[in-house]
Amino acid sequence: MTRTTPPRPVDIAALFPEIAPLARTATRLHPRPGSPGVHDSSIGGPLLWPSDEPWPVCEQQHDNYGDFVRLDVERQRRRVLSAAWGRIRRDDHRSDFLPEQRAELQRLDKLDEKADPGTPTTMLAVAQLYLKDVPDLVGPPGTDVLQLLWCPRDHDPHCAPEIMLRWRRSADVTDVLAEQPEPEVMEYEYLPNTCVLHPEQVTEYPYADFLPPGLRERLEEWDAAAGHRYFYELSIATGWKVGGYSAWNLTDPYPMVCDCGADMELLMRVDSSEWDGNESWRPVEDSGPESEFHEHPSRSDPVEVVIGRGYSLWIFICPVSFEHPPQTSMQ
Ligand SMILES: [Zn+2]
Ligand SMILES: [Zn+2]
């Protein structure tokens, strides 16, 4: 099923024609639970990885204090919660988990207490994007797929996963790694549910601080009266996406500069929710009446990754060379 973002409630380029040349496309990925294979674009799915290439391990320092969960335990917990919530009707506020479900959740919590953060910090497969599926994704010449992995532990400076990108030519991978390694433990909610993608191109406009002087003041004046619709509904799409513009609502803008001196460009957004109550961005296909039972995962949160307190991880790359390391911002 395709996913279609509803038309923006206000045509900002009709109100402010000077903004029209700043329009930029982005590709919303629209992840939804599914069973992708190595030849599919996915989030939390299997990567097309050569069997003779070492699987990466995080080289960064880790703090072994804090709350850790085991990935296998977390998967089982989500299965139990999914079954338990599925029994509860939307308007029934009584919690009616079955006794055996409660017992299983307690058993899983106990297992997590024994999670050992000293285990090797193997990287975790997070996303695989074939360029043919994602119109706003441009890779090094000859490559046709991007793979994103991360170490699901907190790292400086944002207390967020450490990311790694791999660009590949899929035809080069003839002998595919059969069993994908993964870390035993992680922090917080850094385990993506396995999702297939329904990419859709949308139009975005710059974060207001980057609008040309004059236009910015006039637009902000209109926006204050309109209830800040520009930020929430008209400029930057919510959810996991590739390309387009980055938001700076947590820290205010700061330069993303590569070690080579170049200003970096947004590659993708990893979001904690697809629309987070901001239903303007909810695809029309997801707008029908919800089941009378609670859905888990919810339609708005299919991936169940949480960055910080529900923020996004914005991944930037260098326009000079794909070899230069990516950087991230948390907003
Ligand atoms: Zn790490
Ligand atoms: Zn660079």
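The values are calculated or read from the model by the stated rules, or taken from the named source; none is laboratory data. Values in this document were obtained by computation on a predicted structure and should not be read as measured data. Virtual Cβ from ideal backbone geometry, glycine too; neighbours counted across all protein chains shown. These accessible areas exclude ligands, DNA and RNA; they are computed on the full protein's heavy atoms, side chains included. Shrake-Rupley method; radii C 1.70, N 1.55, O 1.52, S 1.80 Å.
Scanning residues 5 or more positions from residue 169 or on other chains, those with amide H under 5 Å from its amide H are 144, with H placed 1.01 Å from N in the peptide plane. Per-residue 3J(HN,Hα) values for the stretch 4-19, derived from phi via the Karplus relation 6.51 cos²θ - 1.76 cosθ + 1.60 with θ = phi - 60°, read 10, 5, x, x, 4, x, 9, 8, 5, 6, 6, 6, 10, x, 5, 7 Hz in sequence order (x marks Gly and Pro).
Loop sites by DSSP among the trypsin sites (Lys or Arg not before Pro) of the chain, restricted to those with at most 13 other Cβ atoms within 10 angstrom, leave 170-308 as the longest stretch without any of them. Here the accessible area of the stretch 1-65 is 55 percent carbon and sulfur, with a 1.4 angstrom probe and all protein chains present. Length gained on full extension, residue 82 to residue 105, computed as 0.36 nm times the residue gap minus the Cα-Cα distance: 7.1 nm.
Scaling against 2.2 N^0.38 Å puts the C-alpha radius of gyration of the stretch 32-75 at 1.59. Proximity of backbone amide H atoms, modeled 1.01 Å from N, is registered between residue 246 and 207 at under 5 Å, excluding neighbours fewer than 5 places apart on the same chain.
Ordered from largest to smallest accessible area (heavy atoms of protein chains, 1.4 Å probe), the residues 58, 260 come out as 260, 58. When a/c is below 1.5 the answer is rounded, else prolate if a/b is larger than b/c, else oblate, so apply that to the stretch 35-115 with a ≥ b ≥ c taken from the square roots of the Cα gyration tensor eigenvalues. Oblate. In the chain, excluding the sites themselves, the longest stretch lacking any of the GluC sites (Glu not before Pro) that are in a DSSP loop with at most 13 other Cβ atoms within 10 Å is 60-178. With a Förster radius of 56 Å applied to the beta-carbon distance between residue 278 and residue 52, the computed FRET efficiency rounds to 0.80.
Over 11 Å, how big is the tail of the calculated P(r) for the stretch 68-113, in percent of all Cα pairs?
Numbers: 680 of 1035 pairs.
Percentage above 11 Å: 66.
Calculated FRET efficiency, residue 251 and residue 321, Cβ-Cβ r, R0 30 Å, to nearest 0.05? About 0.65, to the nearest 0.05. The stretch between residue 15 and residue 306 holds 101.2 nm of extra length on full extension. This uses 0.36 nm per residue minus the Cα-Cα distance.
Rounded to the nearest whole Hz, the Karplus-based 3J(HN,Hα) values (6.51 cos²θ - 1.76 cosθ + 1.60, θ = phi - 60°) of the stretch 41-51 follow the sequence 6, 7, 10, x, x, x, 8, 7, 10, x, 5, with x at glycine and proline.
Take the Kirkwood radius over Cα pairs of the stretch 195-291, plug it into Stokes-Einstein at 20 °C and 1.002 mPa s, and you get 139 µm²/s for translational diffusion.
For the chain, the mean projected area of the C-alpha convex hull, equal to one quarter of the hull surface, is 18.9 nm².
Ordered by solvent-accessible area of protein heavy atoms (1.4 Å probe), largest first, the residues 259, 223 come out as 259, 223.
Only aspartates and glutamates eight or more places from residue 132 in sequence, or on another chain, were considered; those with a Cα closer than 17 Å are 40, 144, 172, 200.
Reported to the nearest whole Å, the Cα centre-to-centre distance from the stretch 223-275 to the stretch 145-181 is 23.
Here the 3J(HN,Hα) profile of the stretch 236-244, calculated from phi with Karplus coefficients 6.51, -1.76 and 1.60 at θ = phi - 60°, is 10, 5, 8, x, 5, 8, 10, x, x Hz, Gly and Pro shown as x. Local charge sum around residue 108 (other residues, Cβ-Cβ under 12 Å, Lys/Arg +1, Asp/Glu -1)? For residues surrounding residue 108, the net value is +3.
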